[in-house]
Every structure is written in structure tokens, then in C-alpha cells.
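These notes concern the structure reproduced below.
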Amino acid sequence: MAELEKVQLLNFDIDQYLKDGDATVAACAHAKAVADEIHEQGYENVFLLGIGGTYDELEMVRYFMKKYSEVEVHLVNAAELNVMGDNRLKKDSVVVTASASGDTKEVVKAVENITAQGIRVVAFTREDTPLGKLATTVVSAPVATGRCDFTYLLFQAFALRLLNLRGDFDRYDDYMAQTKNLFQDLVDIRIKFEPKAEQIAKQFAEEPYTIFIASGALWGENVLFSMCVLEEMQWIRTRAVTSAEFFHGTLELVEPGVPVIITKGEDECRELDNRAEVFCKQYTDKLAVIDTAEYAVSGLDEEFRPLVSPMIAAATLHERLSKHYERITKHNLAYRRYYRQFAY
């Protein structure tokens with residue numbers, strides 16, 4: 001413990017993070033109340049609407065809603081919906097979307113069309129944004145940073161409450177009570193992971209190409225990091241593949257010198273992650289494994305571990321590893337060449 005206390009987190013304000021974490025926990029009550037209202041009104045199905053990082057974050061919601069319930073849930077890409085439509089989207093649907101900026105153009109356009117049809121839209125954003133002004137209901141994001149672990153807890157406060165009211169997730173109150181201090185644990189997890197983040201970045205940050213493998217509840221976070229962080233923010237070529245699909249194509253690219261990063265979760269798909277890990281250990285000398293099971297969350301029942309695993313992945317893979325990539329590549333994470341730089 002004494003050694004961990006000496007670890008300094010690169011480019012991370014612990015006090016501000018904990019303050020923002022408290023605001024996020026407080027906002028969960030509103031997310032729950034919105035779910036109560038939606039349940040009372042009734043709904044035929046749930047559409048999760050996103051694009052880019054938001055789509056990847058909502059993948060976690062889709063996964064757990066399918067895991068715990070028979071509710072009809074669809075994850076849709078906003079740009080594709082705008083050109084293709086979806087005949088499953090009906091008057092009694094409820095659409096859930098999110099945007100940290102509140103002005104993601106594909107999402108805004110989709111919500112304009114959806115609300116014009118009288119379909120309800122719940123948006124996780126700020127009320128004063130274009131998206132917030134269009135949505136039927138806004139769950140105000142208490143933090144403007146769009147930090148994924150905050151977003152994941154808010155999403156769960158809403159989505160798991162919907163399932164709870166259907167009789168599909170009986171221990172909702174227990175779970176929410178056990179995650180009230182989660183962000184302090186996630187600080188400790190960051191501190192524990194920091195030396196490993198530095199080590200992985202030193203080994204992989206200057207590689208021209210890296211394969212990223214994950215599955216289950218962590219798949220969305222895996223894509224988000226490889227695409228929205230490394231490709232968008234670092235201009236590093238990546239290949240994200242599920243642990244299952246890895247054995248049907250991508251495995252042929254693995255050989256000595258080819259970097260692979262596997263993020264292992266704690267749900268049913270862990271056995272698929274283990275299979276990929278065993279293979280990669282044999283055929284590449286550049287393998288890093290990030291296992292969420294190695295990181296403790298105090299007072300959390302074992303059955304809830306899969307639910308917090310995306311937050312642990314966000315705290316380690318996304319939050320810490322990105323900072324060390326930035327330090328080594330000298331490529332500012334805020335710098336873009338094309339994205340939001342001009343009309344296209």
C-alpha cells in the first residue's frame with residue numbers, strides 16, 4: 001500500500017474527479033426517476049441511439065439489457081438510421097441517446113426526425129444543447145468531460161431500473177447502494193494500474209499497428225479506446241476484434257512482433273478471452289493483458305462484478321493508458337486533423 005501511495009497519476013486531478021464522481025452518483029436519482037416515468041407510460045421496445053464513442057458506450061447497455069431481460073432492445077447507428085430508417089421504431093418505442101457535446105450532428109438529425117414522429121427520446125446530455133432542446137426528457141450530465149466511467153453508471157441507473165420494474169433485476173437498490181463509493185475505488189484502481197500503463201505504453205505506443213481483443217460487456221470500451229482514442233486522437237492504426245471473431249480471420253495476422261492487447265472481463269465471455277490469450281501467448285512476443293478481475297471494488301457483491309467491469313476498463317485502458325501514449329508519442333490527445341475541424 002505504501003508503494004501505491006507514492007504513485008503519481010499522470011495528468012489526473014484526483015480531487016476534481018472525486019467531486020465529479022459525487023455529482024454523478026447524485027444524478028443517478030434523476031436517471032432512476034426518468035426510468036420510473038417511462039415504465040409508467042409503457043413502451044414496446046428500447047432503441048439505443050449513438051454514433052462513434054456514444055455508440056460504443058451504449059453497447060454496454062445493450063449487453064446488460066439482453067443479459068438480464070427479454071426486453072426488445074436495439075442498438076442503432078444514428079447516421080445509418082438517418083438514411084435507412086428502421087421499421088421496428090414505432091410510436092410506443094423509447095429512444096435513449098447521449099452526447100457529451102450535445103451537438104453531434106448525426107444524433108441531432110436523427111432525434112429531430114424521431115421526435116417529429118411523436119416518439120419519446122431520453123437524452124443524456126445538457127439541457128441547453130441542441131440535443132437537449134430536442135429531447136423529450138433530459139438526464140443532465142453533471143460533468144461536461146464525457147468521462148466514460150461516469151456515463152456508464154448513469155446509463156446503468158436508468159437501464160437497470162427499467163429492468164428492475166419489469167421484474168428482471170431484483171437487486172437494483174443493492175447495486176446502486178454498493179456503487180456509491182465506486183469512484184474512490186476507481187481512483188485506487190488507477191493508482192494500481194499506473195505502472196502497468198506506463199509499461200504497456202513504452203512497449204506499444206510507437207508501434208504502427210496493434211490488435212485489440214475483448215468481448216461481452218467490454219467490447220464497446222475496446223472499440224472506443226482503439227478507434228476513438230488511438231485512431232482519432234493518436235493517429236495509430238488499430239484492429240479491434242471480439243474474442244470470438246478473432247479465430248475467424250485476425251488470428252492469421254498474429255506472429256512475433258505483432259502487438260496484441262487483450263482486455264479480459266468477468267462475464268460469460270471470459271472463457272472466450274482466455275482462449276484468445278492462450279493462443280496469443282504462443283504466437284506473439286508482444287502481448288499485454290488487462291484483466292478487470294485483478295482490481296478490487298470494496299463492498300461489492302460478486303454478482304455485480306460484471307456490471308462494474310466496463311468502468312474498470314475505462315479507468316485503466318481508456319483513462320490511464322491514453323495519457324501514457326500521449327506522453328510517449330508527443331501527440332496531444334486534444335489535437336485533430338479532420339474531426340470537427342471543417343465541414344465534410
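The values are calculated or read from the model by the stated rules, or taken from the named source; none is laboratory data. Predicted model, so just to flag it, every value in this text is computed and none were measured. Methodologically, a virtual Cβ is constructed for each residue, glycine included, from the backbone with ideal geometry; neighbour enumeration extends over all protein chains shown. Remember, those area values only see protein heavy atoms, side chains included, never the ligands or the DNA or RNA. Shrake-Rupley method; radii C 1.70, N 1.55, O 1.52, S 1.80 Å.
Modelled this way, with points 7 Å down the Cα-to-C-beta line, the labels at Val83 and Tyr338 are 1.4 nm from one another. Just to confirm the filter: which GluC sites (Glu not before Pro) across segment 239-305 are DSSP coil and have at most 14 other Cβ within 10 angstrom of their Cβ? Hits after loop and neighbour filter: Glu268. The mean sequence separation of alpha-carbon pairs under 8 Å and at least six residues apart, normalised by the residue count of segment 14-105, gives a relative contact order of 35 percent.
What is segment 145-255's relative contact order, in percent, from Cα pairs under 8 angstrom and six or more apart in sequence? Over segment 145-255, the number comes to 18 percent.
Taking the 1.4 Å solvent-accessible surface of segment 273-344 as the whole, the part contributed by carbon and sulfur is 51%. To put it simply, the accessible area of segment 1-144 at a 1.4 Å probe is 48 percent carbon and sulfur.
Taking 21 Å as the cut-off for C-alpha to C-alpha distance, list the pairs among Lys202/Lys286; Lys133/Lys180; Lys66/Lys109 that go past it. Walk me through the numbers on the way to the answer.
Working: Lys202/Lys286 12 Å; Lys133/Lys180 30 Å; Lys66/Lys109 27 Å.
In this structure, Lys133/Lys180; Lys66/Lys109 exceed 21 Å between Cα atoms.
Amide H contacts under 5 Å for Leu75: Leu48, restricted to partners 5 or more places along the chain or on a different chain, H placed in the peptide plane at 1.01 Å from N. Per residue, the Cα convex hull of segment 1-137 amounts to 149 Å³. Between the alpha-carbon centres of segment 175-249 and segment 10-54 there is a gap of 21 Å.
With the contact rule set at Cα under 8 Å and sequence spacing of 6 or more, what percent relative contact order holds for the chain? Display every interim value, and only then the final one.
Working: 561 pairs, mean separation 63.2, N = 344.
This gives 18 percent for the chain.
Ser140 sits with roughly 50 Å² accessible to a 1.4 Å probe, with DNA, RNA and ligands left out of the calculation.
Loop sites only, by DSSP: take the trypsin sites (Lys or Arg not before Pro) in the chain that have at most 12 other C-beta atoms within 10 Å and name the longest stretch containing none of them.
On the way: sites that count: Lys6, Arg88, Lys91, Lys330, Arg336, Arg337, Arg340.
After excluding every exposed loop site, the longest remaining stretch is 92-329.
In this structure segment 159-286 gives 42 Å² per residue of accessible area when probed at 1.4 Å with all protein chains present.
Here segment 22-92 is described by how far its Cα atoms reach on the three principal axes: 39, 28, 22 Å, from widest to narrowest.
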